[in-house]
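Step one of this worksheet: look at the structure below.
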Amino acid sequence: MDKGKDTALAVVFVLGRISDTAAIETLKAIERETTDKDVKREVKRSYFKLAQRGLALPKEDPSESTAKAVFTRASEIEAYMSSVDGGGGRLVWIAKVQPNHGLLLIQAMLHDREGLLRIGSAQVRRKELRKMADDIKQQHDVTMIPVPWDYADRILYDGYERAKARGQNGLEDFHEIRSIINTAKPKEQPHPIYRRLNPDEARDGAWREQSRRLLDEPELRYWILTDDWLQAFLPQIEEAQASRLVLNPVQKEERLAAIVREAVKALCAGENARLFQRRMEDMALYFVETGRSEVAKLALAVALQAGEGDPGPLDVSFLTGLVQKSFAFFLSEQKAKKEEETSLIVKP
């Protein structure tokens, strides 16, 4: 396959994952200018993917200069990211197009607190990359969304610095692998979600109450906060449940609710707040790219509130629900462990 065709197919494939009318406009420009049957066929596939997300074809064609600018930017380096899992991990791919040689692919696993866990590189063909993404979707119901490559590079570098600070082994080849795309230190930049959503609009209306809907999304349904700071609250929860000082169920519930509020405040303070804000910004971008703009706004609203360093005077139902679910999980684990230990005791 020649360089121009390979580049065109790469661009069209990426555009098919961008839930924005600008993507359709650029696809129409590519379709109008190309004579290659394979490229036209890939354009049709991208149209179909975008139509499934509820996008309609625009009446006006984009300008030639706009189409060419997008075409050029997307042709050199592209990046993809998974959703964030319950423990705070996400998979990141950065691929650089190699003329007549497919793609040089960087694969990395990043974690909120621990930073870069694993990194590797490989040379793959476009169809292999697609199959990898399809396999992840089929096996884990997770979509690899397109993200700006410079953002992916930024979180990759930040993850390396965090991992190095805690003494992570196995990252000796990091700079050599990263040199595929960049050798300089990445520049600070706003999260790419702010190019897609208006932060002021995200916190309009009853977002605090509605944010609990996030817990019903498949990607967040099994989120559990596993951080040490949260487990530090468990003795208080156990004491509140067993305390003889509590005179009635109402007082007991009030005490438990107060502990949950303190845990939510701890989640929105200091380093916790910074990490959780990025996690929710990543999820907001993920929801936008997978056609869930209203859910994305709720995720962004939670991210912005966490970034302020305090949940505020009113309840953020998503944060409350997440903390409650995490407490219930750990208490259940502790109970099961105690029952197992008791069952192992040999009675005379």
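Quick note: the coordinates plus some simple rules give every number you see, no bench work behind them. Source: prediction; values computed, not measured. When we count neighbours, we look across all protein chains shown, and the Cβ atoms used for this are built from the backbone with ideal geometry, even at glycine.
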Report summary line: In this structure, among 28/187; 297/338; 28/127, pairs with alpha-carbon gaps over 30 Å are 28/187; 297/338
Requested in this report: Counting residues in the range 199-343 as N, plug N into 2.2 N^0.38 Å and put the Cα Rg over that result.
Outcome: 1.14
Query - Between 0 and 90°, nearest 10: helix 249-267 axis offset from the chain longest Cα axis - result: 40 degrees
Query raised in the report: Mind checking the angle between helix 293-307 and the chain's longest principal axis? C-alpha axes, 0 to 90 degrees, to the nearest 10.
Result: 60 degrees
Query raised in the report: When only C-alpha pairs under 8 Å and at least 6 residues apart count, what is the relative contact order of the chain, in percent?
Result: 16 percent
**Report entry** Gaussian network model of the chain, springs between alpha carbon atoms under 10 Å - residue of 336, 165, 202 with greatest fluctuation
**Finding:** 336
**Report entry** Hz values of 3J(HN,Hα) by residue in the range 190-195 - Karplus curve (6.51, -1.76, 1.60), Gly and Pro given as x
**Finding:** x, 4, x, 4, 6, 8
Report summary line: From fewest to most C-beta neighbours within 10 Å, the residues 81, 280 line up as 81, 280
Query raised in the report: In whole angstrom, how far apart do the alpha carbon centroids of the range 247-279 and the range 188-239 sit?
Result: 13 Å
Requested in this report: Would you mind ranking 134, 158 by Cβ crowding within 10 Å, fewest neighbours first?
Outcome: 134, 158
